[in-house]
Amino acid sequence: MLSIIPTIEDKAIPKPKFSGLSRGTRILRGLSLYIPATVMVLLVLVAIFANLAWLGLPDVGISPYEPNKGHMRDRLLPPAFMEDGKSDYLLGTDRLGRDVLSRVIYGARISLSVSLLVILITAFIGTLLGITAGYIGGRVDGLIMRVVDVALSFPGLILALLLATIIGPGYVTVVVALSVLGWAGYARMVRGESLRIRQSDFVAQARVNGASTLRIMFKHVFPNVLNSLIVIMTLMVGAMILAESMLSYLGIGISAPTPSWGSMVADGRNELDRAWWIAAFPGIAIGLVVMSGNFLGDWIRDKMDPRLRQL
Amino acid sequence: MTRFIIIRLLQAIIAILGIMVLVFFLVRAAGDPMELLKNPNMTEEQFELLKARLGLDKSYAEQFWVYIGDLAQGDLGTSLLKQRPIVDMIGESLPNTLKLTIPSFVIGMTLAVFLGMMAATRRDTFWDQGVKFVAVLGQALPGFWVAIMAMLVLSVYWKLLPVAGMDTPAHYVLPVGTMIFFMLPGMMRLVRSCMLDVLDSEYIKLARIKGLPERTVIWKHAFRNALITPLTTLGLLIPQLVLGAVITETIFNWPGMGRMIVESTFARDFTVVQAITILTAVLVLGVNLLVDISYAYVDPQIRFQRS
């Protein structure tokens, strides 16, 4: 039937071009992997080697100064590339004479550790509930999915503010606030996958062989969900860093002297008319890292589980 | 259909009750709320008096009944800090939030639909690349930072726009722009991908084979169908809107609900934060209910399958 219908010129959706990618396109595609990958590797290295004291090694590191040490004579100095800048402070100093570069370097630790911790917690809870909902089904599934619906549309920020009111701002508040609703996305994806896997022959086979429900869930369903799970986890790195920065910007994150990118931007807002660099550089760091995380996540998704596109 | 609506309504009410219970115990599980109010200048007597006035001297069970009863009557309680009914405080700040949210929502949605459609119908052209670029930036740059940088350039250096206040239309440009920044990228991408899906369908091919003009195919046949999915995900836009409102109001000192909840958080005024949390839950569940009903109305499959 279809073959008699004349092929029409479909302007909206051109056929994918597999051959003849121009050299420029190929280079661009390469760059869209290598640049983000480099940024992420640098982020991890910077966070680890900001200072080696925490590893029990001598008190040296790539951070030029201590992040909280104020240099009273060098307050509000512009970055080194500007007219009045000093080469001692590459990105300038803030109101208390603290080196902006050192603070950006130490801020990487907060961003990275919060996002990794939250991703591990939420992925764990989400997978557990998702597999349960998808494999057991029925009322359990209905209940879990209703909770997921609410969690996905409830503003996490309000919850974070409620938590901050009750237990006060801090590292734990941020991690809990991001985790309480964050598992829902994983649960929805894992449930969908588990529903599909439940139908497959190897699960039926396992059931015939007398495997228990728990065994099937963890030995048969879970390994088949893992690929998609890793993809979502990498895609979440950027989102979590962004979320952490918003909470720190509002002041419910890590408390005052410890540098985090979000709270640095908040500090800089008050000095906007005379020292733009205090707010500008941490924001650039957030944007660069989040964008790299997203690009890298997209790349891993295309390699490992292209079905998740358009998610 | 009626049965479907009633079931959904009941589910929503149960969910709201569940959230009320959760909030009640969360506030108390983390420690005695009175600890937050302790003040070295207060005598033992004053402290007990305050405790009694807030009803915190009663048992948890009694407190819970009072709390549920008050909420059922629309009484959200009294602010610990300002000693005013929370309903009055919301009455003052909600209109300001709406003045910010409604124009942002209307402009943002129109832009998102327009740009998403342009990108989908002119695939791989300047429009499409532009939309993708904006989406990538929008999902990576922190909104609060973009707003502050816009303020730096437009207000501090060029002195084109005022920094804070809400008297003239010029005062609205930066805050509304910031709000739009929070919701545009996601919605735009969704409209684009839904439109692409629809354009790929058989009935669009048929419409083209019939020789209908491209304009009719896109606006009469494809457009309406492409909007179903974005409409049903409006509920998922609430977190973005709330986030946008809180951040925008904090940056531009806008006297709305967002700033109110942030100020109450730092004052540890838990009755206000608790009240806003519950109101948010009602808003979220209400919108989801409306979306469910309208979806069932549009798509009979849902209606029959579930009831």
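Once you put a point 7 Å from the Cα of residue A:42 and another 7 Å from the Cα of residue A:274, both along the Cβ direction, what distance in nm separates them?
Between residue A:42 and residue A:274, the simple spin-label model gives 3.2 nm.
Considering only DSSP states other than H, G, I, E and B, which chymotrypsin sites (Phe, Trp or Tyr not before Pro) in region A:57-120 qualify as loop sites with at most 12 other Cβ atoms within 10 Å? Don't skip to the answer; put the middle values down first.
On the way: sites: A:65, A:81, A:89, A:106; in loops: A:65, A:81, A:89.
Here the chymotrypsin sites (Phe, Trp or Tyr not before Pro) that fit, given the DSSP loop and packing criteria, are A:81.
Enter the mean number of other protein chain beta carbons within 10 Å of the beta carbon of each residue in A:209-221, as an integer.
Values: counts 0, 0, 0, 0, 0, 0, 0, 0, 0, 0, 0, 0, 0.
For this peptide, the per-residue mean of nearby foreign Cβ atoms is 0.
Can you give me the span-like helices of chain B, meaning DSSP H runs with 20 Å or more of Cα extent along the axis and Kyte-Doolittle mean at or above 0.0? Can you show the working numbers first?
On the way: long enough: B:2-29 (40 Å, 2.17); B:86-121 (49 Å, 1.25); B:126-140 (21 Å, 0.63); B:169-199 (41 Å, 1.15); B:237-251 (21 Å, 1.65); B:270-298 (42 Å, 1.85).
Membrane-span-like by this criterion, though nothing is claimed about a membrane: B:2-29, B:86-121, B:126-140, B:169-199, B:237-251, B:270-298.
For a quick check: with amide H placed at 1.01 Å from N, whose amide H comes under 5 Å from residue B:161's, ignoring anything fewer than 5 positions away on the same chain?
The answer is B:155.
Based on the Cβ-Cβ distance from residue B:225 to residue B:65, what FRET efficiency comes out when R0 is 51 Å, to the nearest 0.05?
0.50
Return the long-range amide H neighbours of residue A:97 (sequence gap of 5 or more, or a different chain), with a cut-off of under 5 Å between placed amide H atoms.
Amide H to amide H, under 5 Å and 5 or more residues apart or across chains, residue A:97 pairs with A:71, A:76.
Quote the relative contact order of chain A in percent (integer), defining contacts as alpha-carbon pairs under 8 Å separated by 6+ residues. Before the final figure, lay out each step's value.
Values: 434 pairs, mean separation 62.5, N = 311.
Across chain A, relative contact order equals 20 percent.
I need A:183, A:54, A:276, B:145 ordered by Cβ neighbour count within 10 Å, fewest first. Mind dumping the intermediate values first?
On the way: A:183 24, A:54 11, A:276 20, B:145 27.
Ascending Cβ contact count within 10 Å gives the list A:54, A:276, A:183, B:145.
Is any residue of region B:224-241 close enough, with backbone N under 15 Å, to a label point placed 7 angstrom from the Cα of residue B:201 along the Cα-Cβ axis, and if so, which?
What the label zone holds, given the 15 Å backbone N cut-off, is B:224-232.
Go ahead and run the numbers for FRET between residue B:22 and residue B:50, Cβ-Cβ distance against an R0 of 41 Å, rounding to 0.05. Don't skip to the answer; put the middle values down first.
Working: r = 26 Å, r/R0 = 0.63.
Working from the Cβ atoms, E equals 0.95.
Which value, in debye to the nearest 20, gives the size of the charge dipole of chain A about its Cα centre, when Lys and Arg are +1 and Asp and Glu are -1 at the Cβ?
1060 debye
Could you give the DSSP H helices of chain A that reach 30 angstrom or more along their long axis (alpha carbon positions) and whose average Kyte-Doolittle hydropathy is no lower than -0.5?
Numbers: long enough: A:23-49 (38 Å, 1.56); A:100-136 (53 Å, 1.75); A:171-198 (39 Å, 0.71); A:222-250 (40 Å, 1.59); A:277-304 (40 Å, 0.86).
Qualifying helices, which must be both long enough and hydrophobic enough, are A:23-49, A:100-136, A:171-198, A:222-250, A:277-304.
Any idea what Rg and Dmax come out to for the protein assembly as shown if you just take the C-alpha atoms, in Å?
26.6, 92
List the residues whose amide H sits under 5 Å from the amide H of residue B:78, counting only those 5 or more places along or on another chain, with H placed 1.01 Å from N in the peptide plane.
B:86
Pick out, in residue order, every one of the trypsin sites (Lys or Arg not before Pro) in region B:159-232 that is DSSP loop and has at most 11 other C-beta atoms within 10 Å; say none if there are none.
Values: sites: B:159, B:189, B:192, B:205, B:208, B:210, B:215, B:220, B:224; in loops: B:159, B:210.
Those satisfying the criteria are B:159, B:210.
So what is Rg over Rh here for chain A, counting just Cα atoms and using Kirkwood for Rh? Let's see the in-between values first.
Numbers: Rg = 24.3 Å, Rh = 22.5 Å.
Radius of gyration relative to Kirkwood radius: 1.08.
Take a quick pass over chain A and tell me how many lysine pairs come in under 26 angstrom between Cα atoms, counting only ones 8 or more apart or on separate chains.
On the way: A:15/A:303; A:17/A:303; A:69/A:86; A:219/A:303.
Value for chain A: 4.
Can you pull the mean other chain C-beta count within 10 Å for peptide B:135-141?
On the way: counts 0, 4, 2, 0, 6, 14, 8.
Mean shielding by partner chains, rounded to a whole number: 5.
Count the lysine pairs in chain B that are 8 or more places apart or on different chains: how many have C-alpha atoms under 29 angstrom apart?
For chain B, the number of qualifying lysine pairs is 11.
Every number here is computed from the coordinates shown, using simple stated rules; none is lab data. Quantities reported herein were computed from a predicted structural model and do not represent experimental measurements. Reconstructed Cβ throughout: ideal geometry from the backbone, glycine too, with neighbour counts over all protein chains shown.
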